[in-house]
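No value in this document is a laboratory result; all are computed from the given coordinates. This structure is a prediction, so every number in the text was calculated from the model and none was measured. Virtual Cβ from ideal backbone geometry, glycine too; neighbours counted across all protein chains shown.
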Amino acid sequence: MQCFSNSKYVKPLRRIGTALSVFWISFFVGPLIAQTTPLISGGAGFLTSTTAGATTYQPIAVPVLEAPIGQHLLIESRGNLVETVSPSGGGQGGYNHSLFLSLAYLQADYIATPHLTVVGGYFLTPFGTYNERLTPIWIGNLDAPLIFSIGTMVSGAGTGGMLRGNAFSSDKISLSYAAYFSAGSTNKEFTSTRSAGGQMYAYFPEKRLEVGASYGRLLDGKQTNSVGGHVWWEPAKVPLKVRSEYAHGAHSQGYWVETDYRLSQIHGAESFFGRLEPIFRIQQTFRESAPDRTDFLPSANTQRTDFQLAYHLPHEVRVNATYARQFSSTGNFNIWETSVVYRFLFPAWKGK
């Protein structure tokens, strides 16, 4: 992710422009060979966060491109545009201003068979569940968990290739897999470390239960292993979601458990109370040794609890209010957050 001040916008914007040109190439090539109109989706929002009395403001835009080419090839990408206004340090007053521009991923998916998809490019590291499923602001409710960096190899993305798909499916169980290799890259738009790994998970349709395991190995410098597991459950008759994940890295381990309950059973999902969704999460990390450059977890054993009230307005707008309390030997503090998020979706051009 890039960060630059107002006086240094031109050079980074040129770099981002090079990456964004891929979007437009796919747009103009699409009408010639695509059988389905490409879609532009994503989200935009405004976030505030007050940690230990200091408040930060963040306007965010996250565009997503899905461009099918023929029956077997899909080009997809997600960008991040984040402007941050935060208090200046040193007790001098005033605010610092920065702009972050990055690509979360930019990849080509080739659907080889019903059980195999070949992925090439810059992709999200398939470790655990949060990185691939919950990082979009219109999907995830709370901040990234404390153990997020375990297994995601610092940047959360890899540059290389991946095989993934559904290995077996029946009325009782569905088995899915992902395996990847990433080369090391110091390019500012495509930062990644040399690593390999993958995951396997099983979904039980009747119970609406998913259980999975992940593995990652860092191949640069001191080669280290990361392992993890997750359990997700969404009962059929109750609008409840239970998500949990555990991960163990080279220097620390931890877990998080999250539940949310949409009050849609009270006069329906479109009623005043039916739009309300309380969310609760508890998480802990346990430090085992001193961190290195690949470890972004807290420097001491840490526990954190989060409580959020999300309200779903019409036209894909959501308002969130969050309170969190973090406990550690390095200090205890409160975190207050608010956000307004809008989800958008439209075709790149008018279809036939």
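Can you put Met162, Met153, Met200 in order of Cβ neighbours within 10 angstrom, beginning with the fewest?
Working: Met162 22, Met153 26, Met200 15.
By the 10 Å Cβ count, ascending, the order reads Met200, Met162, Met153.
If I take R0 = 25 Å and measure r between the Cβ atoms of Asn166 and Val231 in this structure, what FRET efficiency does the formula 1/(1 + (r/R0)^6) give, to the nearest 0.05?
On the way: r = 19 Å, r/R0 = 0.78.
Between Asn166 and Val231 the formula returns 0.80.
Could you go through the range 214-228 in sequence order and give the Karplus-derived ³J(HN,Hα) for each residue, using 6.51 cos²θ - 1.76 cosθ + 1.60 with θ = phi - 60°, rounded to whole Hz, and x for Gly and Pro?
After applying 6.51 cos²θ - 1.76 cosθ + 1.60, I find 10, 9, x, 10, 7, 9, 9, x, 6, 5, 10, 10, 10, 10, x Hz.
Under 8 Å for C-alpha pairs, at least 6 residues apart: give me the relative contact order for the chain, rounded to a whole percent.
Working: 938 pairs, mean separation 49.7, N = 352.
For the chain, the relative contact order is 14 percent.
From the backbone phi of the range 175-188, what are the Karplus-calculated ³J(HN,Hα) couplings (6.51 cos²θ - 1.76 cosθ + 1.60, θ = phi - 60°) in whole Hz, Gly and Pro given as x?
Residue by residue, the range 175-188 yields 10, 10, 8, 7, 9, 9, 9, 10, 8, x, 9, 9, 4, 5 Hz.
If packing is taken as the average count of other Cβ atoms within 10 Å, what order do 190-199, 104-113 fall into, highest mean first? Can you show the working numbers first?
Working: 190-199: 21.3, 104-113: 16.7.
The densest-packed peptide leads the list: 190-199, 104-113.
So for the chain, if I pair up every lysine 8 or more residues apart or on another chain, how many of those pairs have alpha-carbons under 21 Å apart?
Numbers: Lys8/Lys188; Lys11/Lys188; Lys172/Lys207; Lys172/Lys237; Lys172/Lys241; Lys207/Lys237; Lys207/Lys241.
So the count works out to 7.
Sorting Asp143, Asp292 on the 10 Å Cβ count, fewest up front, what's the list? Let's see the in-between values first.
Numbers: Asp143 17, Asp292 11.
If I rank by nearby Cβ atoms, fewest first, I get Asp292, Asp143.
Would you please classify the overall shape of the range 38-146 from the alpha carbon gyration tensor, given that a ≥ b ≥ c denote the square roots of the eigenvalues, rounded means a/c under 1.5, and beyond that prolate means a/b larger than b/c while oblate covers the rest? Working shown, then result.
Working: a/c = 3.15, a/b = 2.43, b/c = 1.30.
It is prolate, given that a/c is not under 1.5 and a/b is the larger ratio.
What ranking do 249-258, 324-333 get when scored by the average of other Cβ atoms within 10 Å per residue, highest first? Before the final figure, lay out the partial values.
Numbers: 249-258: 21.0, 324-333: 13.9.
Sorting 249-258, 324-333 by mean packing, highest first, produces 249-258, 324-333.
Rounded, prolate or oblate: which fits the chain, taking a ≥ b ≥ c as square roots of the Cα gyration tensor eigenvalues, rounded meaning a/c under 1.5, else prolate when a/b beats b/c? Could you put the intermediate results ahead of the total?
Values: a/c = 1.17, a/b = 1.11, b/c = 1.05.
Rounded, since a/c falls under 1.5.
Report the Cα centroid-to-centroid distance between the range 60-76 and the range 271-298 in angstrom, as an integer.
Centre-to-centre (Cα) distance: 30 Å.
State, to one decimal in nm, how far the label point of Val238 lies from the label point of Ser174, with both points 7 Å from Cα in the Cβ direction.
Rounded to a tenth, the inter-label distance reads 2.3 nm.
For the pair Tyr311 and Ala52, what calculated FRET efficiency results from E = 1/(1 + (r/R0)^6), where r is the Cβ-Cβ distance and R0 = 25 Å, to the nearest 0.05? Write down the numbers at each step before the final one.
Working: r = 27 Å, r/R0 = 1.07.
My answer for the efficiency is 0.40.
Compute the distance from the alpha-carbon center of the range 168-227 to that of the range 317-352, in whole Å.
Cα centres, the range 168-227 to the range 317-352: 25 Å.
So for each of 176-186, 339-349 I average, over its residues, the number of other beta carbons within 10 Å; can you give me the resulting order with the highest mean first? Don't skip to the answer; put the middle values down first.
Numbers: 176-186: 17.4, 339-349: 15.6.
With the highest mean Cβ count within 10 Å placed first, the list reads 176-186, 339-349.
HN-Hα J couplings of the range 313-324 from phi, Karplus 6.51/-1.76/1.60, θ = phi - 60°, integer Hz, Gly and Pro as x?
Those phi angles translate into 8, x, 6, 6, 10, 10, 10, 10, 9, 10, 10, 9 Hz.
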